[in-house]
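Undergrad: Okay, here's the structure, questions in a sec.
The values are calculated or read from the model by the stated rules, or taken from the named source; none is laboratory data. As the structure is a prediction and not an experimental result, all values here were calculated from the model. Here the Cβ positions follow ideal geometry from the backbone for every residue, glycine too, while neighbour counts run over all protein chains shown.
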Amino acid sequence: MDSHFQLVARDAASAARRGRLRTRHGWIETPVFMPVGTQGTVKAVTPAHLREVGAQIILGNTYHLNLRPGSTLVAKLGGLHKFMGWDGPILTDSGGFQVFSLAKLREVREDGIAFQSHLDGAPCFLGPKEVMAIQRDLGSDIAMVIDECPPFPCTREAAAAAVARSRKWAGDCLGIARETGFLDAGHHVFAIVQGSTFEDLRRSAAEELASLDFPGYAIGGVSVGEPEPEMLDQVGSTTPFLPSDRPRYTMGLGTPPQILKMIALGVDMFDCVMPTRVARNGLVFTPDGPFNLRNERFREDARPIVEGMDNYTCRNFSRAYLRHLQLAGEMLAGTLLTIHNLHFYLDLMAQARAHIEAGDFTRWSTSWITRYEAGAAGG
RNA sequence: GGUGGGUUAUCCAAGUGGCUAAAGGAUGUUGACUGUAAAUCAAUCGGGCUCCGCCCUUCGAUGGUUCGAAUCCAUCACCCACCA
């Protein structure tokens, strides 16, 4: 089997899969969590830190990098990998999500999305042609199609329209990738399934995109403010209609328990700003749930965030010290807490992979979630 | 010794008769954060309670004027500036 995606093992009690995805910058073991590095940096940490905590692949963002410093500049300087000093795989988001998050400054047209730059108000346009050109410039290993990500809640009409536009754009992106030799060179292009909370829309979108034969499939339109049950329903009503021999990726998710639940639904790839963003705000993850280091109860706590956890932060620093850094506004706090949180997420994924291989994923996952949710951590 | 200015809650600092438990900032405390316009944002911040409301105690100290004072008057204490 010389496919770019290989399934190594499957869980008997769920749809969880253990796989391997080949990219131009190496193989990725799935399920995988991808730290988010929107602007060509995973905030607060260096590529060396990323390696150390076990990152296999990171994200970049088409919208942001094209506005600043500009994709042609990045191309001129050797592509995003060289530019940012990261030689592992990079997935670039297309900017579709920015339609949602920057909604006040956008206009969705048939051929793409007109934005106003959030930086200086300059007009900016992203359509299939633009996003593929930018992602080619960046040297993306996995390029995402441009899509329309509707908010939650959203009407059936709006959801259907977003699905239709996204499907059209997806086909255009794939066509461009074929014509330009992007795919043949070993880059991947992933489709994005929309459909909001409408199961039939999700299903038809998934089936139609599947028929186009993409190297991978993403589930979009989640993590837009919907309650967790809705979110899991949307994922669960999409994955059955995606080809099982292609990687599946839920965009922008999630919390540790959510990720385990989605692995059980057959999802292979995840990205989320949560571990990095909340780290900069003082929140850290532990097997007994998250806690905020700013809390006074850690004032004199000499223990590491997680006893025995093998990362730079837990090996060397006490909760009391990290709390001090956070309260003092020291930038090192963001760095050390990000290192811990990323390691926590990536270590969780490594455990999940091992348990899928070992055949006891569901049992392990259930007890992991139970402990996490019961946790009054740090007490 | 003289003249002028000042003393407000943990800190800084508004407030010159009622709408003031007292602006604003800082600090503190708590919470939020899900394809990153986030090293951000929000709440709370005299004490107590049967806590969508009520009761105490506050604006250097004491005494006074007034229906009512952080706000006016007197005395005292301390601080600052300038002049001797």
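Undergrad: Quick one: what pairs do we get from the stretch A:277-299, first residue polar (S, T, N, Q), second surrounded by fewer than 20 Cβ atoms within 10 Å (Cβ to Cβ) and modelled with pLDDT under 95, C-beta under 6 Å, 6+ apart or different chains?
TA: Within 6 Å, the pairs are A:THR286/A:ALA377.
Undergrad: Given (1) more than 18 Å from the chain's Cα centre (by Cα); (2) farther than 18 Å from A:PRO150 by Cα; (3) surrounded by 24 or more Cβ atoms within 10 Å (Cβ to Cβ), where does A:HIS188 come up short, assuming only one miss?
TA: The failed condition is (1).
Undergrad: Go over the candidates A:LEU232, A:LEU265, A:LEU253 one by one and state the one that is more than 11 Å from RNA strand B (Cβ to nearest atom) and touching a residue at least 12 places away in the same chain (Cβ under 8 Å). It would help to see each step written out before you state the result.
TA: On the way: A:LEU232 fails: more than 11 Å from RNA strand B (Cβ to nearest atom); A:LEU253 fails: more than 11 Å from RNA strand B (Cβ to nearest atom).
Unique residue meeting the criteria: A:LEU265.
Undergrad: Please go through the stretch A:211-229 and give me each residue that is among the charged types (D, E, K, R) and more than 12 Å from RNA strand B (Cβ to nearest atom), ordered by number.
TA: If we filter the stretch A:211-229 for residues that are among the charged types (D, E, K, R), which is where we start, we get A:213, A:226, A:228.
A:ASP213 - this is the single residue of the stretch A:211-229 that is among the charged types (D, E, K, R) and more than 12 Å from RNA strand B (Cβ to nearest atom).
Undergrad: Working only within the stretch A:201-224, note down all residues that are touching a residue at least 40 places away in the same chain (Cβ under 8 Å), touching a strand residue (DSSP E or B) at 6+ places or on another chain (Cβ under 8 Å) and not in a loop (DSSP other than H, G, I, E, B).
TA: If the condition is that a residue be touching a residue at least 40 places away in the same chain (Cβ under 8 Å), touching a strand residue (DSSP E or B) at 6+ places or on another chain (Cβ under 8 Å) and not in a loop (DSSP other than H, G, I, E, B), then A:ALA205, A:LEU209, A:GLY216, A:ALA218, A:ILE219 are the ones that fit.
Undergrad: If we keep just the residues of the stretch A:41-55 that are touching a Leu at 6+ places or on another chain (Cβ under 9 Å) and closer than 16 Å to A:LYS82 by Cα, which is surrounded by the fewest Cβ atoms within 10 Å (Cβ to Cβ)? So that I can check it myself, show each step before the final result.
TA: The initial filter retains those residues of the stretch A:41-55 that are touching a Leu at 6+ places or on another chain (Cβ under 9 Å), namely A:42, A:44-45, A:49-50, A:53-55.
Cutting the leftovers down to closer than 16 Å to A:LYS82 by Cα gives us A:42, A:50.
Numbers: A:VAL42: 27, A:LEU50: 22.
It comes out as A:LEU50.
Undergrad: Return the pair list, or none, for Cβ contacts closer than 8 Å from residues in the stretch A:134-162 that are within 24 Å of A:ALA75 (Cβ to Cβ) to residues that are among the aromatic types (Phe, Trp, Tyr) and surrounded by fewer than 23 Cβ atoms within 10 Å (Cβ to Cβ), at least 6 apart or on different chains.
TA: Here the result reads A:ARG136/A:PHE182; A:ALA143/A:PHE182, each pair linking the stretch A:134-162 to a residue that is among the aromatic types (Phe, Trp, Tyr) and surrounded by fewer than 23 Cβ atoms within 10 Å (Cβ to Cβ).
Undergrad: Can you name every residue in the stretch A:278-288 that is within 8 Å of RNA strand B (Cβ to nearest atom) and either at pLDDT below 95 or on the phi < 0 side of the Ramachandran plot (or both)?
TA: Of the stretch A:278-288, the ones within 8 Å of RNA strand B (Cβ to nearest atom) are A:278, A:280-283.
Of everything in the stretch A:278-288, those that are within 8 Å of RNA strand B (Cβ to nearest atom) and either at pLDDT below 95 or on the phi < 0 side of the Ramachandran plot (or both) turn out to be A:VAL278, A:ARG280, A:ASN281, A:LEU283.
Undergrad: If you don't mind, there's one more thing I want to ask. Please find, within the stretch A:301-347, the residue that is surrounded by the fewest Cβ atoms within 10 Å (Cβ to Cβ) out of those that are under 27 Å from the mean Cα position of the chain (by Cα) and among the acidic types (Asp, Glu).
TA: A:ASP310
Undergrad: Something else about it: Quick check: anything in the stretch A:22-40 within 16 Å of RNA strand B (Cβ to nearest atom), on the phi > 0 side of the Ramachandran plot and buried (at least 23 other Cβ atoms within 10 Å of the Cβ)? Before the answer, list the steps.
TA: Step one: list which residues in the stretch A:22-40 are within 16 Å of RNA strand B (Cβ to nearest atom), which gives A:31-40.
Filter once more, so that each one left must be on the phi > 0 side of the Ramachandran plot: A:40.
Then drop every residue that is not buried (at least 23 other Cβ atoms within 10 Å of the Cβ), which leaves none.
No, the stretch A:22-40 contains no residue that is within 16 Å of RNA strand B (Cβ to nearest atom), on the phi > 0 side of the Ramachandran plot and buried (at least 23 other Cβ atoms within 10 Å of the Cβ).
Undergrad: Okay, moving on. I'm trying to understand the selection: among the residues of the stretch A:265-292, which are outside any strand (DSSP E or B), surrounded by fewer than 21 Cβ atoms within 10 Å (Cβ to Cβ) and in contact with a strand residue (DSSP E or B) (Cβ under 7 Å, 6 or more places away or on another chain)?
TA: A:VAL273, A:GLY282, A:PRO290
Undergrad: Please go through the stretch A:48-79 and give me each residue that is under 18 Å from the mean Cα position of the chain (by Cα), assigned to a helix (DSSP H, G or I) and in contact (Cβ under 8 Å) with a residue 40 or more places away in the chain, ordered by number. I'd like the intermediate steps shown before the answer.
TA: We begin by selecting, within the stretch A:48-79, every residue under 18 Å from the mean Cα position of the chain (by Cα); these are A:50-51, A:53-65.
In the following step, the residues that additionally are assigned to a helix (DSSP H, G or I) were identified as A:50-51, A:62-65.
The answer is A:LEU50, A:THR62, A:TYR63, A:LEU65.
Undergrad: Given (1) within 15 Å of RNA strand B (Cβ to nearest atom); (2) touching an Asp or Glu at 6+ places or on another chain (Cβ under 8 Å), where does A:ILE259 come up short, assuming only one miss?
TA: Status for A:ILE259: all satisfied but (2).
Undergrad: Right, here's the next one. Which residues, counting only those in the stretch A:228-251, are touching a helix residue (DSSP H, G or I) at 6+ places or on another chain (Cβ under 9 Å), under 22 Å from A:HIS188 (Cα atoms) and outside any helix (DSSP H, G or I)?
TA: Listed by number, the residues that qualify are A:THR238, A:LEU242, A:PRO243, A:ARG246, A:ARG248, A:THR250, A:MET251.
This table checks each residue for (1) within 12 Å of RNA strand B (Cβ to nearest atom); (2) within 23 Å of A:MET231 (Cβ to Cβ).
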site: A:PHE270; (1), (2): yes, yes
site: A:VAL273; (1), (2): yes, yes
site: A:THR276; (1), (2): yes, yes
site: A:PRO290; (1), (2): yes, yes
site: A:CYS314; (1), (2): no, no
site: A:HIS324; (1), (2): yes, no
site: A:LEU327; (1), (2): yes, no
